[in-house]
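The next block holds one structure in the form of structure tokens; read it before the comments.
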Amino acid sequence: MKLDVNVLRYLSKDDFRVLTAVEMGMRNHEIVPSELVERIACLKHGGTYKVLKNLLKYKLLHHDSSKYDGFRLTYLGYDFLAIKTLVNRGIFTGVGRQIGVGKESDIFEVAQEDGTILAMKLHRLGRTSFRAVKSKRDYLRHRSSFSWLYLSRLAALKEFAFMKALEEHDFPVPKAIDCNRHCVIMSLVQGYPMVQVKQLQNPETIFEKIIGIVVRLAEHGLIHCDFNEFNIMIDDEENITMIDFPQMVSVSHQNAQMYFDRDIECIFKFFRKRFNMSFQEDKDESDETEVEVDENSRPSFYDITKNANAMDKELEASGFTKKEQNDLDRFIEGGQKKSKDSDEDEESDDEEQTFESNEEENLNEMKSLQLQEKEQNNSDGVEAESKLDNNEKGESNGDKDDVGSDEEEEEDDAELVKKLGKQRRRAMAAARGGRKSQSSRNTYKDKGGRSQNSKIHNNMSGW
């Protein structure tokens, strides 16, 4: 979806209030009910539905009525929330042209108030090209529901944390400026991707620099996992800058050796094909004009010693916590055993419960309340029945003692017995849970017709 920032001019505070309400509702709902959006937004005079209609027109929200009437954020709406927040912070004042497109992100130029040009990276996990990889690698594992927006936010937060830590250790990376939601602001690299470079003045020197960066990363306890010609920038002075860090892992990862060897092989393969560099393994087949590099210089994962200045603890302190790392690993890494922090994983699962699970919990609570009320009614009915039995016994004894009483007293006793009998029958009906309503279904349908006839019949019998 194309980012058109001109729409921002036509959005009001109420529009962003409703967008924020939908974002808050998506913490526990895949599709946020319209009633919940209205309660969270709290707009006066019922203006929520009017705002929702306006947001749907600009495709900032998606409407879904398959199970119930609800809404969810689109990537364009999520972009506007992040851009609005960063503009309010004073990070930049304008958005320029798009300078990069990938299967996981889009990159734009942004301008600060003083005219400085920065780079804005918007993570967009969930595209068609990325979903095919997801289905093959079993990203979700045991999870049945997920949110691409939440995954993009974790990827952006992780990239910002790695970029900040690598910059402090003098690695050739862009300068991290700020991060919000799935958006990362960094300095603009004045260079070109390595894949676009056809000639180099000193290919051997550049090759050694790139291999040295991979080894130095491993010494600091990190592996890039995607270190190839697409993620290496080079300028006119042949200075190297590496980019793209969300997939980085530690050297203690169970597949660390495989990732390290793959990064090394990508560099060797690229320089062999692009710059005709030959290595000792194919020395016999190479021409005399080709540059020869000793294959024994290929670094080995087991020969690298981890430096005392490992950046694992620093990365946790810079904002990307262990809980968020576990949330992201469940999406990106499939077929692995459960970690020791499974309790934290369960907490993150509880944060993303769907609407159906919440509805089942509410139904279970209602059922428990109904059972408690029925038990209470049963206990009340049993007590009432015992009281009525005692009263009847007392009345029967009184009748035996007062055999020689007057006729008026006998009539009073008969009326009392009738009343007690009615009370007893009502108590028994309440105990069985089958008390009938005073107005039957027929009287409701006839709207008093049959009850009126009964009144006329009673009056005629009285005459």
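The values are calculated or read from the model by the stated rules, or taken from the named source; none is laboratory data. In this text the structure is predicted, and so the values were computed from the model without any measurement. All Cβ positions, glycine included, derive from the backbone under ideal geometry; neighbour counts span all protein chains shown. Note: areas computed on protein heavy atoms with side chains; ligands, DNA, RNA excluded. Shrake-Rupley method; radii C 1.70, N 1.55, O 1.52, S 1.80 Å.
Taken one residue at a time, the phi angles of the range 196-202 give Karplus couplings (6.51, -1.76, 1.60, θ = phi - 60°) of 8, 7, 9, 9, 9, 6, 10 Hz. Gly and Pro are set to x. Pairs spanning more than 24 Å between alpha-carbon atoms, out of K209/K269; K121/K209; K175/K269; K59/K103: K121/K209; K175/K269. Taking all protein chains into account, the per residue accessible area for the range 1-124 stands at 55 Å² (1.4 Å probe).
Distance between the 7 Å Cα→Cβ label points at E415 and T85: 7.7 nm. Counted by Cβ distance under 11 Å from I243, the other residues give a net charge of -2, where Lys and Arg count +1 and Asp and Glu count -1. Annotation: amide H of I240 has no partner in the under-5 Å range at sequence separation 5 or more or interchain, hydrogens built in the peptide plane. From the Kirkwood radius over Cα pairs of the range 1-89, Stokes-Einstein at 25 °C and 0.890 mPa s returns a whole-number translational diffusion coefficient of 187 µm²/s. Distance between the modelled labels on I240 and K57, one decimal in nanometres: 5.4 nm (7 Å Cα→Cβ projection). Net charge dipole, the range 1-89: roughly 280 debye, given to the nearest 20, about the Cα centre with Cβ charges of +1 for Lys and Arg and -1 for Asp and Glu.
With the simple model of a label 7 Å out from the Cα in the direction of the Cβ, T20 to R97 spans 3.5 nm.
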